[in-house]
Amino acid sequence: MSETHPAVRALQELVRHPTVADRDPARTDPAPFVALRASLAEHFPLLHGLERVEVEPHALLVRWPGRSAEGPVVLMAHLDVVPAEGRWTHPPFGAEVHEGAVWGRGTLDDKGAVVGICAAVESLLTEGFVPARDVWLSFGSTEEVSGTTAADAVAELRRRGVRPWFVLDEGGAVAAEAFPLVAAPLAVVGVTEKGVTSVELVAEGAGGHASTPAPGGPTARLARAITALEAAPLPLRAPAPTLELLRRLGPHLPAPLRPVLARADRLAPVLTRVLRAAGAEAAAMVRTTVAVTTLSGSPALNVVASTARAGVNLRVMVGDTVEEVLAHVRRTVGPGIRLEVVERNEPSPVSPWDDAAFALLERITGELFPDAVPTPYVMMAATDARFFTGLCDRVYRFTPFRMTKAQRATIHAADEHIGVADLLAGVDWYRRLVQELPA
Ligand SMILES: [Zn+2]
């Protein structure tokens, strides 16, 4: 490669700071965050000169004044990353360029978006461009550990009376091989996300010596509860964004299948059954999922457990409520098992896809990724965007990067990498978005 693009150099430098946050803020090493913030200031000096609000511990809120302060937009990303476990082909914090891609933790999630946004803003500032409306940048530092920075940024915006037109955070992408039989990439824009709720199932008993076990002890009851949960999945649901996705896919399917998706509304029951059968990823699109994750019993081989516990992670589908899902779990595990609710989050409100804000995202995506099919969808994972749903009716989750299926599988896993051309196309997308904000 000849001269390295400044956005690529910036990404390389950001990736080299291992900004891994801990759930316990006292255990987070601040040094990489401080260094990363210094790198941002150095690579994006004009942006750094805008009005900045520090959000503890290392997050950043920036206001770029437009011609009007009414109906601003908020562009979000996060500065923290998950740890780099697993076997990597190239060092996870090395940010080496190989085969036209930058390799390292955070290249896709989410430092690529940080650089995409900052490089777009910096280049427009260099040209003296003034956006039609205020543009706020909100970069959290605790996204991966469900920390407080996004909620604190929302509180600050609320305090200032800022009422955004729309908020854009990470989420969907220009996803290749996203749907069986569809050759075109899907530009999936999350318009809602499932609610993450966790409970512990607790079975208790007398315990005692393992040489004289009584039947029906805590471990046996817990095992029965777990198998009962697996045998009683929650009802299938086809929320409106999923039906819209199916409708938009219709024209891109082989001819015999097109009419089916054109009638996705009426055929929802059939389609949800098809999705349920199409693998774990598709099945998660049509119902609340239940995953038993942690398990514990007696600490010793020759001791009967007096308490046995199973952690259950629930992803609550739009259309279900936490209360309904908990009632289902209680009914299914039956008496003799206690439920301790660890965290409860409802699914996020559904943002509209039939008005000017979504149309803008759709149009710019069509201009920069003409082969892609833009569509709303329900996000399976949780993002900081959920904190903004109380502040704004339009919260969209989309990162303008092309990602192969293999690349998507590297997020939170080994060998995360972003194509250099894809990073630069993302910068162009953010630039165009800001340029085309209407008055
Ligand atoms: Zn992320």
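In the stretch 92-130, of all residues being part of a helix (DSSP H, G or I), among the β-branched types (Val, Ile, Thr) and more than 16 Å from the ligand (Cβ to nearest atom), the one that is surrounded by the fewest Cβ atoms within 10 Å (Cβ to Cβ) corresponds to THR126.
Contact map, the stretch 291-307: residues that are within 15 Å of VAL199 (Cβ to Cβ) paired with residues that are open to solvent by 50 Å² or more (accessible area, probe 1.4 Å), Cβ distance under 7 Å, separation 6+ or inter-chain. Pairs shown: SER296/ARG309.
Residues in the stretch 237-264 that are touching a Lys or Arg at 6+ places or on another chain (Cβ under 8 Å), open to solvent by 50 Å² or more (accessible area, probe 1.4 Å) and under 19 Å from THR192 (Cβ atoms): 1 in all. Just name the residue that is farthest from the ligand (Cβ to nearest atom) out of those in the stretch 383-402 that are of a type in the set (Val, Ile, Thr) and touching a residue at least 60 places away in the same chain (Cβ under 8 Å). Checking each candidate, the answer is VAL395. When SER298 is tested against the conditions (1) over 28 Å from ALA173 (Cα atoms); (2) touching a Leu at 6+ places or on another chain (Cβ under 9 Å), the lone failure is (2). The set of residues from the stretch 7-23 being outside any loop (DSSP other than H, G, I, E, B) and either among the β-branched types (Val, Ile, Thr) or open to solvent by 80 Å² or more (accessible area, probe 1.4 Å) (or both) comprises VAL8, ARG9, VAL15, VAL20.
Among the residues of the stretch 195-227, those that are of a type in the set (A, V, I, L, M) and under 15 Å from VAL325 (Cβ atoms) comprise VAL196, VAL199, LEU201.
I'd like the residue in the stretch 364-378 that is touching a residue at least 12 places away in the same chain (Cβ under 8 Å) and not in a strand (DSSP E or B) and, out of all such residues, is nearest to PHE398 (Cα to Cα). Of everything passing the filter in the stretch 364-378, THR365 is nearest to PHE398 (Cα to Cα). Just one of the numbered conditions (1) closer than 17 Å to LEU181 by Cα; (2) surrounded by 13 or more Cβ atoms within 10 Å (Cβ to Cβ) is not true of PRO218: (1). Looking across VAL304, VAL312, one residue alone is within 12 Å of ILE226 (Cα to Cα) and surrounded by 15 or more Cβ atoms within 10 Å (Cβ to Cβ). It is VAL312. Does at least one position in the stretch 66-76 carry a residue that is touching a helix residue (DSSP H, G or I) at 6+ places or on another chain (Cβ under 9 Å), farther than 15 Å from GLY104 by Cα and modelled with pLDDT under 95? Among the residues of the stretch 66-76, not one is touching a helix residue (DSSP H, G or I) at 6+ places or on another chain (Cβ under 9 Å), farther than 15 Å from GLY104 by Cα and modelled with pLDDT under 95, which makes the answer no. With ALA357, ALA385, ALA413 as the choices, which residue is farther than 27 Å from LEU61 by Cα and either small (Gly, Ala, Ser) or surrounded by 22 or more Cβ atoms within 10 Å (Cβ to Cβ) (or both)? Answer to the selection: ALA413. I need a count of the residues in the stretch 360-382 that are away from the ligand (no atom under 14 Å from the Cβ), open to solvent by less than 40 Å² (accessible area, probe 1.4 Å) and within 18 Å of GLY195 (Cα to Cα). The qualifying residues number 2. Taken across the stretch 152-159, residues that are more than 12 Å from VAL373 (Cα to Cα) and in a strand (DSSP E or B) do not occur at all.
Among the strands (runs of 3 or more DSSP E) confined to the stretch 166-244, the ones with at least 3 residues that are within 30 Å of VAL434 (Cα to Cα) and not aliphatic (A, V, I, L, M) are located at 166-175, 186-193. Of all residues in the stretch 34-56, at least one satisfies being within 16 Å of the ligand (Cβ to nearest atom), closer than 18 Å to THR19 by Cα, more than 20 Å from the chain's Cα centre (by Cα) and not aromatic (Phe, Trp, Tyr). Counting only strands (runs of 3 or more DSSP E) wholly contained in the stretch 24-91, the ones carrying 2 or more residues that are closer than 23 Å to VAL102 by Cβ and open to solvent by less than 60 Å² (accessible area, probe 1.4 Å) occupy 68-78. Per the listing LEU339, LEU295, LEU275, the residue uniquely hydrophobic (A, V, I, L, M, F, W, C), crowded, with 17+ Cβ neighbours inside 10 Å and not in a loop (DSSP other than H, G, I, E, B) is LEU275.
Contact annotation: residue pairs with Cβ atoms under 6 Å, 6 or more positions apart or on different chains, pairing a residue in the stretch 168-181 that is under 30 Å from GLY71 (Cβ atoms) and more than 11 Å from the ligand (Cβ to nearest atom) with a partner that is part of a loop (DSSP other than H, G, I, E, B) and of a type in the set (A, V, I, L, M, F, W, C), are VAL174/PHE369; VAL174/ALA372.
The values are calculated or read from the model by the stated rules, or taken from the named source; none is laboratory data. In this text the structure is predicted, and so the values were computed from the model without any measurement. Don't worry about glycine lacking a Cβ; one is built from the backbone with ideal geometry, like all the others, and counts go over all protein chains shown. With ligands, DNA and RNA removed, areas are computed over all heavy atoms of the protein, side chains included. Shrake-Rupley method; radii C 1.70, N 1.55, O 1.52, S 1.80 Å.
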